[in-house]
Every structure is written in C-alpha cells, then in structure tokens.
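Let me begin by presenting the structure, written as structure tokens, before commenting on it.
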Amino acid sequence: MFGLTKRQCLEANQFNVGKARWIYHPDTFSWDMADRMTTFIKDNYPKPLAVNYTAVSNYMWVDINDCVKMASLLRGEMVWTDEVIARVVKLRVQSMAYKYIARQLSPTLGKGNV
C-alpha cells in the first residue's frame, strides 16, 4: 500500500467505529488474545521505540484505552486507586484469599502484591 509497512498503515488509520471493548475479567480473560497483543508489540516496537497504541488498537480491533490498560496489567503494573483498594477490602470482607483477590484484579498480579 503505497510503500508503507504494515505498522505504518496501522499507525495512520484513525478509524475507530465498531472496535470491541477489552476489560479484564478473570473468568473471560484469554491468554491467546493477550499473547497476540504482546507478540505484536514485541515484533513491531523493539526497545527503545515507544509503543504506538493506535497501531495496537487497530491491529487488535479493540478500544485504544483498553489496549493501554491491558498492556499495563500484562506488564504487572497496577494502579492502586481508591476504587481498586475498596474492591480489595470488599473481597477480603467476603473472606476471599489474597491469591484469588489478585486474580480478580490482574492476570499477572501475585498474592504477595495485594
């Protein structure tokens, strides 16, 4: 396509209508989808290139904000907002073990981090 690489085409495309949502839920989380995104990022954005999440979003056909959030969770990054802490407290009050609470929050979070 006019001498552009696949990555350049994905970065240039600004069409967002109809993209799926990708919100982490422990019962529906798919490592296939996560691995697909991680592989795309590794193959197209080697260090020190900054990841262009417009391209990731277009490749995955998923909302860009959801791609950014999921990439963060997959890297093991957790933003401890008041909402997240309140959720941890609520689950703990229900006698849920820390390892299960961790799984509720992120696919890569360990019980020692809760």
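The values are calculated or read from the model by the stated rules, or taken from the named source; none is laboratory data. Note that the coordinates shown come from a computational prediction; the quantities given were computed from them, not determined experimentally. Positions of Cβ are generated from backbone atoms using ideal geometry, with glycine treated the same way; all protein chains shown enter the neighbour counts. SASA here: full protein model, heavy atoms, side chains in, ligands and nucleic acids out. Shrake-Rupley method; radii C 1.70, N 1.55, O 1.52, S 1.80 Å.
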MRE, 222 nm, helices only [DSSP H, n ≥ 4, -39500 (n - 2.57), over the chain, to nearest 500]:
-15500 deg cm²/dmol
Let me check I've understood the local charge: for residue 112, count other residues with C-beta under 14 angstrom from its C-beta, Lys and Arg +1, Asp and Glu -1. What total comes out?
+3
With a/c under 1.5 counting as rounded, go ahead and sort the range 62-114 into rounded, prolate or oblate using the C-alpha gyration tensor (a ≥ b ≥ c being the square roots of the eigenvalues; past the cut-off, prolate if a/b is larger than b/c, else oblate).
prolate
Roll a 1.4 Å probe over the protein heavy atoms and report the accessible area of residue 90 in Å², nearest 10.
130
Excluding ligands, DNA and RNA, the carbon-plus-sulfur percentage of the accessible area of the chain with a 1.4 Å probe reads 55
Could you do me a favour and compute the accessible area per residue for the chain, 1.4 Å probe, result in Å²?
67
Find the all-direction average of the projected area of the Cα convex hull for the chain, expressing the result in square nanometres with one decimal place.
8.6
Please count, across the chain, the pairs of lysine residues with Cα atoms under 18 Å apart that sit 8 or more places apart or on different chains.
6
